[in-house]
Amino acid sequence: MSTEFRLYNVDDEDLYRNKSKEEKEALKPKIIEMAKERGIKPTARYFNTYPSTVRRIIKEYEDKENNLKNN
């Protein structure tokens, strides 16, 4: 029995991790906005990624904002 978690039955090219750097950067604002409106897990399902990835993107965004405010 495998302990690896698979994201539903989606094609590999639909996964967030398989997108180019430019595509990921373009998706980040959309991910942050949707996570604030609907929550982390529904956002992760919509963008075919893991909740931990959504949390990481939000944390990076918040850290970046805090650094701008402090300077």
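Worth pointing out:
- Candidate set from the stretch 35-61 (those that are in a helix (DSSP H, G or I) and in contact with a Phe, Trp or Tyr (Cβ under 7 Å, 6 or more places away or on another chain)); member that is surrounded by the fewest Cβ atoms within 10 Å (Cβ to Cβ): T53
- Residue check for L27: out of contact with any helix residue (DSSP H, G or I) (no Cβ under 8 Å at 6 or more places or on another chain), surrounded by 14 or more Cβ atoms within 10 Å (Cβ to Cβ) and either at pLDDT below 95 or hydroxyl-bearing (S, T, Y) (or both): no
- When restricted to residues that are among the hydroxyl-bearing types (S, T, Y), at pLDDT below 85, at negative phi and exposed (fewer than 12 other Cβ atoms within 10 Å of the Cβ), the stretch 1-24 contains 2.
The values are calculated or read from the model by the stated rules, or taken from the named source; none is laboratory data. What you are looking at is a predicted structure, and each value in this text was computed from that prediction instead of being measured. Every residue, glycine as well, gets a Cβ built from its backbone with ideal geometry; the counts of neighbours run over all protein chains shown.
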